[in-house]
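First comes the structure, then the notes that go with it.
Just so you know, all these numbers are worked out from the coordinates, no wet-lab data involved. Predicted model only: the values in this text are computed from it and were never measured. Heads up, the Cβs are rebuilt from the backbone with ideal geometry, glycines too, and the neighbour counts pull from every protein chain shown.
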Amino acid sequence: MAHTNYNCNPGCPVEAALEVIGGKWKGVILYHLLSETMRFNELRRVMPEVTQRMLTKQLRELEADNLIARKVFPEVPPKVEYSMTEYGKTLTPVIHSLQQWGSRHLEEVAQRVADR
């Protein structure tokens, strides 16, 4: 259950941030939407391992937290685009730092495997 009061200790802001962007797919979704507006199926293509149900759930949560915007175009079939909100764009340095750290981590793991 999510907290509503984060005045508990110095680590609470980290907990609050991870509740919003944590999870297997939210960071990846945000990373892709930083560079461009994307449709649902475009997101599915760049994240082939995510299920349709999970992608929908994660997008709804990100939208509810005002990190992304969902725009529905009145056409048949319906066209829906997802983009970062101005508030969501404040995560840019965080997402880029995670990407850089992740690259370094993958290199470290590969080196440990090679050293065995």
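Some observations on this one:
- Lysine pair number, Cα distance threshold 16 Å (strictly under), segment 12-115, separation 8 or more or different chains: 4
- Residue order, fewest to most beta carbons within 10 Å, for 40, 73: 73, 40
- Placing dummy labels 7 Å off each Cα toward the beta-carbon, the span from residue 97 to residue 45 is 3.3 nm.
- For residue 86 and residue 110, the FRET efficiency from 1/(1 + (r/R0)^6), where r spans their Cβ atoms and R0 equals 41 Å, is about 0.65.
- Dipole magnitude for the chain: about 340 debye, using +1 per Lys or Arg Cβ and -1 per Asp or Glu Cβ, origin at the Cα centre.
- Cα centroid of segment 59-83 to Cα centroid of segment 32-53, whole Å: 12
- Classified by the C-alpha gyration tensor, segment 32-87 has a rounded form. Its axis ratio a/c, with a ≥ b ≥ c, is below 1.5.
- Whole-number percent relative contact order across segment 12-115, with pairs defined as alpha carbons under 8 Å at least 6 apart: 27
- Gyration tensor (alpha-carbon) shape descriptor, the chain, a/c threshold 1.5: oblate
- Calculated [θ] (222 nm, deg cm²/dmol) that DSSP helices of n ≥ 4 give over the chain, each run adding -39,500 (n - 2.57): -18000 deg cm²/dmol
- Of the GluC sites (Glu not before Pro) in segment 1-90, those whose Cβ has at most 14 other Cβ within 10 Å and which sit in DSSP loop: 36, 49, 75
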